[in-house]
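Enquirer: Got a structure for you, questions after.
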């Protein structure tokens, strides 16, 4: 929901970044205010997942220029775990499996770490069990999944639900959902989207990184950005996603040319 | 992040110091004379000297084994001193008479003897450079007929038992290092649980190698008679040296009808520095004979130290319905090498065995699981389940699995599962992104991986092992 008086949560200016010496981001600018939902769309390789990982501080990427201010803090001053504790959450595109580590143990440690950071009470295993079961209902998850190892042997849909469950637990200020819709069937998509919708409020913000318009039928964005070759080349309202779905990404380039020359190609 | 972790893993070996106690060291080299010297120093009966000399004869005819997947320069057995003992003093009547320097050593190690014994309720048979210095709780155990003493002592106080069982599970010519041990062993532990007695406490021995370049050859013999049971703990630390030290122990376990022996080891010997210089060579023969019906032998080991580990705690399942178990965690870092596993020899009917092996390799280390499951023609309805999981940290280390399965009876069921995984940047990043610090993350991943084995350890050992693993590996991820 757009409110011009909302506080700016994330301010990205002229962000350049590379991996293994290859420049992926070539000057990204983005402003996200509290209460807003932003969708970043674009073709594979346009840099949108890289952008998501850089916000979370993934060590494989090197920031070469630009600035990111998150909640009045220089994000680059914070280590990945400090960013998480400050309220940056990344729902992974490919959540990794961690054999032998029980999901409930992992979730409780993450929850308690964030809680203690916020000066709030930590929960013992029994209290946590009640708490987590409640949250799991939101995502229509089977309780036996708590005793399984983190993401091990999970289906694609279960992994994505587990990500949103963690989002529900950690109550981030900024949630970045990296292609959360990929690999989901229509029922799982509805459940996940419903979960996200219930978690958004006027004090937090969400960035949806996605390839398809499909997710945006369920989670309605305030802004849609199109990323191409490491830059955001177009920003508009939610209707942009529909146009992209209809015309494809080439349409943007065509429109750009049209604007420059006055002649539609 | 990796710099912080790097620092952690590069912490110097905590137990690296040398105690200054005058040692009585035999001249370097091995020959019949040295063996006679050892035997006479220890005042041994003739039959034991004969045992040693026969083993020596056998050893001379055996080549050094070369099949294991570890590399090291050829060992010059003539450059090793085969006997060292603290200067003989008059017989010790109590702990107070123990050399205070020695007691301080144990304190440095965090093992204050009397405290440990009293607090943990553990009888500690302390081995210090091959000679037992003091044995605690012996009297209490003696009241219920349990004999728990140094091997040398047993030779004098219970020669009939030693003579009856010594070499029956690991024959003198079993392998190169077992033959060497049989010829030159200096001391070790002896444990006898008589018929029907359940040992009321965990029995524990702390081994410690102290004299530079003195090979250490321990001999342990544990016998559980009909219906008896015992849990035995072995823990090791050693001071830091630059020259390699050879350790070739032999452990024999014998379980009669309905008897149970559980043998747990946490091994943390000096592994050499981060460049692979120094460290202990650990060439051990451990074997249990489940001789009686319904007997059970269980090995649990957490191997974290030594430059080279070469060790296959095994079970011979002769009695009907006997059970053999092997639970192992082997951790290697830097340039450590481990070739470890087990042998389960099924001879009796309805014998069952379980093998759970976990290996974790970091740095430039190499770890191999080598296991044999043999089902003899006589072993009707034998069952085996084996699981071998390996975890790699970084991309310079290696793991191998060598399962040998020989089945000679059609009714047998043998299962083998194996997996290999890797702790990588992405796994760690997943924890970090949820706010969990790197150290805690590594510890959680490792302990998760080793869970099935740690569950088998006695409680205080499990806690120790958990800490030890985190300490050994924290720095290697990132």
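Enquirer: With N set to the residue count of chain A, report its C-alpha Rg divided by 2.2 N^0.38 Å to two decimal places.
Expert: That ratio works out to 1.03.
Enquirer: Of B:204, B:295, B:150, how do they rank once you tally other Cβ atoms within 10 Å and put the fewest first?
Expert: Placing the least packed residue first, the sequence is B:150, B:204, B:295.
Enquirer: Another question about this same structure. Within 10 Å of each Cβ in peptide A:19-28, how many partner chain Cβ atoms are there on average? Round it to a whole number, please.
Expert: 0
Enquirer: Now a separate question. May I have the pair-distance distribution P(r) for the range B:338-478, computed from all Cα-Cα distances with 10 Å bins from 0 and rounded to whole percent?
Expert: So the P(r) values, bin by bin, are 11, 34, 30, 17, 7, 1.
Enquirer: Mark the label point 7 Å from the Cα of residue B:67 along Cα→Cβ and return the residues of the range B:342-360 whose backbone N is within less than 18 Å of it.
Expert: Once the point is set 7 Å along Cα→Cβ of residue B:67, B:342-346 turn out to lie under 18 Å by backbone N, inside the range B:342-360.
Enquirer: Still on this structure, please answer the following. Within 10 Å, count the other beta carbons around each residue, average over each peptide in B:464-470, B:59-65, and list them highest first.
Expert: Highest mean packing first, the order is B:464-470, B:59-65.
Enquirer: Under a plain spin-label model, where a point goes 7 Å from the Cα along Cα-to-Cβ, how far apart in nm are residue A:144 and residue B:41?
Expert: Reported label-point gap for residue A:144 and residue B:41 is 6.3 nm.
Enquirer: Tell me, what is the FRET efficiency for residue B:413 and residue B:467 to the nearest 0.05, using R0 = 35 angstrom and their Cβ-Cβ distance as r?
Expert: 0.40
Enquirer: Provide a whole-number value for the mean count of partner chain Cβ atoms within 10 Å of the Cβ atoms in peptide A:99-106.
Expert: Mean number of neighbouring Cβ atoms from other chains: 6.
Enquirer: Compute the orientation-averaged projected area for the range B:243-330 from the convex hull of its Cα atoms and round it to one decimal in nm².
Expert: Its average projected convex-hull area is 5.1 nm².
Enquirer: Let me ask you something else. Once fully extended, how much extra length lies between residue B:274 and residue B:77, figured as 0.36 nm per residue of separation less the alpha-carbon to alpha-carbon distance?
Expert: 68.3 nm
Enquirer: Let a ≥ b ≥ c be the square roots of the eigenvalues of the Cα gyration tensor of the range A:38-125; is it rounded (a/c under 1.5), or, if not, prolate (a/b larger than b/c) or oblate?
Expert: oblate
Enquirer: If I model a spin label as a point 7 Å beyond the Cα along the Cα-Cβ vector, how far apart are those points for residue A:198 and residue B:387 in nm?
Expert: My value for the distance between the label points is 3.5 nm.
Enquirer: Right, something else. Restricting to Cα pairs below 8 Å that are 6+ residues apart, what does the relative contact order work out to for chain A? Please round to a whole percent.
Expert: 26
Enquirer: Quantify how strongly other chains surround peptide B:74-81 by giving the mean number of their Cβ atoms within 10 Å of each of its Cβ atoms.
Expert: 0
Enquirer: Percent of Cα-Cα pairs more than 21 Å apart in the range A:143-265, please.
Expert: Distances greater than 21 Å cover 48 percent of the Cα pairs.
Enquirer: Further question: Can you work out the PRE-style zone for residue A:116? Point 7 Å along Cα to Cβ, and I want the residues of the range A:68-87 with backbone N under 19 Å.
Expert: Answer for the range A:68-87: A:79-87.
Enquirer: When averaged across all projection directions, what area in nm² does the alpha-carbon convex hull of the range B:142-200 cover?
Expert: For the range B:142-200, averaging the hull's shadow over all directions gives 4.7 nm².
Enquirer: Separate question: Could you check the simple spin-label distance between residue A:6 and residue B:49, using points 7 Å along Cα→Cβ, in nm with one decimal?
Expert: Result: 9.4 nm between the two label points.
Enquirer: Under 20 Å from a point 7 Å along the Cα-to-Cβ line of residue A:26: which residues of the range A:190-233 have their amide N that close?
Expert: A:225-233
Enquirer: Explain nothing, just the number: relative contact order of the range A:102-182, from Cα pairs under 8 Å at least 6 residues apart, as a whole percent.
Expert: Value for the range A:102-182: 37 percent.
Enquirer: Across the range B:293-344, what fraction of all alpha-carbon pairs, as a whole percent, falls in each successive 5 Å bin from zero upward?
Expert: 5, 20, 25, 17, 13, 10, 6, 4, 1
Enquirer: Next question. Computed FRET efficiency, Cβ-Cβ of residue A:76 and residue B:139, R0 56 Å: what is it to the nearest 0.05?
Expert: So, using R0 = 56 Å, E works out to roughly 0.25.
Taken together, the values in this text are just the output of simple stated rules run on the coordinates, not laboratory data. This one's a predicted model, so the numbers in the text were calculated from it and none came from an experiment. As a convention, Cβ positions derive from the backbone with ideal geometry for all residues, glycine included, and neighbour counts pool all protein chains shown.
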